[in-house]
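Visitor: Can you read through this structure? Questions will come right after.
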Ligand code: DO4
Ligand code: MG
């Protein structure tokens, strides 16, 4: 079963309030974001809430999404998993071979403990249709399209979104100890366009697609299914919560299975479009500060 065939809802954060979209209807919710999403059985709670609400018109809904959309994050930390797909392992072994770091990636791919790293606080995160940055001191840059989990404070996966884990391959490849600089900088993370909420398991056939355009021409296109991921989603969430608590939950990017060929690097004005079945599309333009 595909993700978009599940009974599901989309929750959008906008400058005018929170919009819940369910079965072709949209509702404006007067709630505070963190308190709303950080609960068990989010799906059931939202279903109940929508029953007592008057829906807004299609035009108002469209207007809010076009002009007022924010990233679906409140005060959560963003974490990321790495080397969860073979493609990511192979690309990293290649980029780190001159630095003698290739072994680490093979080992972490096989190890019981996954690679988890801190990615961003909310002020470094952008939303749909906003700019993401490449670093001025980096010569080789790629987007990383990743299914991203919203995990509540009890450690339960409550929702999904699309994440872009922007990465400097030149800095990471020079020395694996430079990973935080390759990964963490202003506007290095994009999340959006919404939270996708379902009370059923996400399908392993869910497709993730990346399209990069330059001057309106495709310069890279790739896709991967979730079933190519080495680890399970609850396994990643469990490791993250082993010794960390998250008072309002957190986001966890689950790793990339799509890496453009080694000769490819992003340029200013490129457009990065990531689509995940059922969730929607996250588009970001590349810029330098
Ligand atoms: O090991 C470095 C980062 C890996 C990563 O971000 C990914 O596999 O998506
Ligand atoms: Mg990544």
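Visitor: With the structure loaded, tell me whether residue 202 is in a loop (DSSP other than H, G, I, E, B), closer than 23 Å to residue 40 by Cβ and in the same structural domain as residue 270 (by TED's automatic domain parsing) or whether it fails that test.
Guide: On the way: in a loop (DSSP other than H, G, I, E, B): yes; closer than 23 Å to residue 40 by Cβ: yes; in the same structural domain as residue 270 (by TED's automatic domain parsing): yes.
Answer is yes for this residue.
Visitor: Right, another one. Check 167, 154 and return the single one that is in contact (Cβ under 8 Å) with a residue 12 or more places away in the chain and within 16 Å of ligand 1 (Cβ to nearest atom). Walk me through it before giving the result.
Guide: Details: 154 fails: within 16 Å of ligand 1 (Cβ to nearest atom).
From the options 167, 154, the qualifying one is 167.
Visitor: Only one of these is touching a residue at least 12 places away in the same chain (Cβ under 8 Å), surrounded by 22 or more Cβ atoms within 10 Å (Cβ to Cβ) and either in contact with a strand residue (DSSP E or B) (Cβ under 9 Å, 6 or more places away or on another chain) or closer than 28 Å to residue 220 by Cα (or both): 80, 96. Name it. Steps first, please.
Guide: Working: 96 fails: surrounded by 22 or more Cβ atoms within 10 Å (Cβ to Cβ).
From the options 80, 96, the qualifying one is 80.
Visitor: Among (1) part of a loop (DSSP other than H, G, I, E, B); (2) out of contact with any helix residue (DSSP H, G or I) (no Cβ under 7 Å at 6 or more places or on another chain); (3) surrounded by 15 or more Cβ atoms within 10 Å (Cβ to Cβ), where does residue 43 come up short?
Guide: For residue 43, the exception is condition (1).
Visitor: Which residues, counting only those in region 238-257, are surrounded by 19 or more Cβ atoms within 10 Å (Cβ to Cβ) and more than 16 Å from ligand 1 (Cβ to nearest atom)?
Guide: 246, 249, 250 - these are the residues of region 238-257 that are surrounded by 19 or more Cβ atoms within 10 Å (Cβ to Cβ) and more than 16 Å from ligand 1 (Cβ to nearest atom).
Visitor: Could you pull out the residue among 193, 260 that is within 16 Å of ligand 2 (Cβ to nearest atom) and either closer than 24 Å to residue 126 by Cβ or surrounded by 16 or more Cβ atoms within 10 Å (Cβ to Cβ) (or both)? Give the derivation first.
Guide: Numbers: 193 fails: within 16 Å of ligand 2 (Cβ to nearest atom).
So the residue among 193, 260 that is within 16 Å of ligand 2 (Cβ to nearest atom) and either closer than 24 Å to residue 126 by Cβ or surrounded by 16 or more Cβ atoms within 10 Å (Cβ to Cβ) (or both) is 260.
The values are calculated or read from the model by the stated rules, or taken from the named source; none is laboratory data. Computed from a predicted structure; not experimentally measured. Positions of Cβ are generated from backbone atoms using ideal geometry, with glycine treated the same way; all protein chains shown enter the neighbour counts.
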